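A short write-up of the structure that comes next.
The values are calculated or read from the model by the stated rules, or taken from the named source; none is laboratory data. Bear in mind the structure is a predicted one, so any value in this text is a computation, not a measurement. Backbone-built Cβ (ideal geometry, glycine too); neighbour counts: all protein chains shown.
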Amino acid sequence: MTYNEQIDRLLENIVGDLDIPDEVYEDAVIKYTDIAEFLSADDSSLKKYSPDLFPQGSFRLGTVVMPQGRHGEYDIDLVCKLDIKKESISQADLKKLVGDRLEQHDKLDGTVKPSRRCWVIEYDNIDNCAFHMDVLPSIPNREAPPEGILLTDTELTRWQHSNPKEYANWFFKQMEIVLRKKKQLILDEATASIEDVPEWKVKTPLQRAVQILKRHRDIYFGKSENRPVSIIITTLAARAYQGEENTYDAIRKILSKMKGVIQFSNGKWIILNPVEPGENFADKWNEYPARRIAFFAWLDKAIADFDKLGYQNYDASLKVLNEAIGSDIVKRADDNTRKGPSYLPSKIPPKGPTTHARIPWWNVKIKGNAKISCNVYKKKNDVKPLWPTINRGVPKNVYLKFVVRVDNISMPYQVFWQVTNTGKYAKEPRGEIFESVGSRIHENWEHTSYSGTHEVKAYIVKNEECVAIASIDVPIR
């Protein structure tokens, strides 16, 4: 490995440590999906307003950074949009409308707290979670269709404009080519197309650069009130990004171009929201010059720190990063870098023996192709999946829908499924073969109950012969 490759791998491993763990991310998705269903339920006072609950900020952009301190929690930002005209409701009434419904959720009893702009759900009180959720009430901004919204703020009399969905679209557009390449790398046989790979399963150099710069900022500023907000770093980084395909190059080139994408006009500093031109992220710089001075001082320090990596040896670079990022994180990343691959899979029990599975009884004469895809659902027979299963572990207590696609075999035929649980946690090992019947013969629903890597097969049988076989392994944490 060259020095540059070693540094890039080290930075990737640092991000792996900073990033929100898969299991925490998935737990958050399951929980906010539950809240979304509750807000729009038939007995909900909000149902007539067509509530739309969706993530925003770093959780949506894939730039979450591990909280500092032993007791830090990830902050999951959500927007709850209700279809109400601005003239029909006040900010206070909108906030109360959403809060009243959240407080009726039997699982959230005593966990819903008001804050300046939103409702905070403190899951630590009930589930000992590593995160809390901020639910921000909003209504459509009719002057910025289709995704513009108006937000509540108890300290401001005017509605605040925002557009988190379009901002996310813009951010991902800035790294579109590299994102597609990264998705292609993790495609497997169970995936129908590149569009099936969700953005949160992929990490691009732009996202890694933002995460590392946010942590550098956190170390540099501590609890200072002059600490720049994440949206400024994220926006400047995305504007400066030029499609670099490794993290090391992306950070250095982004830092070198950041100053050039900041505008100064008519005596004012300007960092425009790319999807809400009337919003200036640098407004506070003009009101409080100390914040602007502090930002540029931090930017100079970041440029100096990461430039040092370009002309030092590996051990000297570790010392720079220890100070800039934090010695604990750098130590763990260095250990993983010296071990080898930068991608560390989830801790999932290895696949066990399948000798207890029933042996198929048909003559096998392969005449076509079959492929299984699998999606995760909160409830059985839900229409919308939470995410597809791609190269990572699935949590327990969710539902999986397996769908087999058959090519080059004409109907009619039969579809048989075989689910073989493996590992020491499988209390009821399975391996029987059963036929799919009815109008959905290509589907099979399962519930995740036992940790381990389990095997699912589909047999396509025509005229008493097995003419195609598909198989997929499902790792359950």
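In the stretch 173-204, what count of residues is obtained for those that are surrounded by fewer than 19 Cβ atoms within 10 Å (Cβ to Cβ) and modelled with pLDDT of 85 or more?
Here the count works out to 5.
For residue 55, state whether it is free of Cβ contacts under 8 Å to residues at least 60 places away in the same chain, within 13 Å of the chain's Cα centre (by Cα) and either in the same structural domain as residue 388 (by TED's automatic domain parsing) or surrounded by 15 or more Cβ atoms within 10 Å (Cβ to Cβ) (or both). Even if it seems obvious, please write down each step before you answer.
Details: free of Cβ contacts under 8 Å to residues at least 60 places away in the same chain: yes; within 13 Å of the chain's Cα centre (by Cα): yes; either in the same structural domain as residue 388 (by TED's automatic domain parsing) or surrounded by 15 or more Cβ atoms within 10 Å (Cβ to Cβ) (or both): yes.
Against the criterion (free of Cβ contacts under 8 Å to residues at least 60 places away in the same chain, within 13 Å of the chain's Cα centre (by Cα) and either in the same structural domain as residue 388 (by TED's automatic domain parsing) or surrounded by 15 or more Cβ atoms within 10 Å (Cβ to Cβ) (or both)), residue 55 qualifies.
Against the condition part of a loop (DSSP other than H, G, I, E, B) and either β-branched (Val, Ile, Thr) or not assigned by TED's automatic domain parsing to the domain that holds residue 54 (or both), how does residue 404 come out, does it pass?
On the way: part of a loop (DSSP other than H, G, I, E, B): no; either β-branched (Val, Ile, Thr) or not assigned by TED's automatic domain parsing to the domain that holds residue 54 (or both): yes.
For residue 404, the condition - part of a loop (DSSP other than H, G, I, E, B) and either β-branched (Val, Ile, Thr) or not assigned by TED's automatic domain parsing to the domain that holds residue 54 (or both) - is not met.
So if I check each of 460, 469, 476, 441, which one is surrounded by 14 or more Cβ atoms within 10 Å (Cβ to Cβ), touching a residue at least 40 places away in the same chain (Cβ under 8 Å) and over 23 Å from residue 351 (Cβ atoms)? Spell out how you get there, then give the answer.
Working: 469 fails: over 23 Å from residue 351 (Cβ atoms); 476 fails: over 23 Å from residue 351 (Cβ atoms); 441 fails: touching a residue at least 40 places away in the same chain (Cβ under 8 Å).
Matching residue, one of 460, 469, 476, 441: 460.
One line per residue, one yes/no per condition, for (1) modelled with pLDDT of 95 or more; (2) within 25 Å of residue 207 (Cα to Cα); (3) of a type in the set (Val, Ile, Thr); (4) touching an Asp or Glu at 6+ places or on another chain (Cβ under 9 Å):
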| position | (1), (2), (3), (4) |
| --- | --- |
| 2 | no, yes, yes, no |
| 6 | no, yes, no, no |
| 22 | no, yes, no, no |
| 44 | yes, no, no, no |
| 50 | yes, no, no, yes |
| 69 | no, yes, no, no |
| 72 | no, yes, no, no |
| 84 | yes, no, yes, no |
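If I filter the stretch 218-236 down to residues being modelled with pLDDT of 95 or more and hydroxyl-bearing (Ser, Thr, Tyr), which single residue comes out as farthest from residue 58 (Cα to Cα)?
Checked the stretch 218-236; the qualifying residue farthest from residue 58 (Cα to Cα) is 220.
Looking only at the stretch 252-274, how many residues end up being assigned to a loop (DSSP other than H, G, I, E, B) and at pLDDT 95 or above? Spell out how you get there, then give the answer.
Of the residues in the stretch 252-274, the ones assigned to a loop (DSSP other than H, G, I, E, B) are 262, 266-267, 271, 274.
Those left that are additionally at pLDDT 95 or above: 262, 271, 274.
Qualifying residue count, the stretch 252-274: 3.
Quick one: which of 423, 438, 431 is within 31 Å of the chain's Cα centre (by Cα) and part of a loop (DSSP other than H, G, I, E, B)? Before you say what the answer is, go through the steps one by one.
Working: 438 fails: within 31 Å of the chain's Cα centre (by Cα); 431 fails: within 31 Å of the chain's Cα centre (by Cα).
It is 423.
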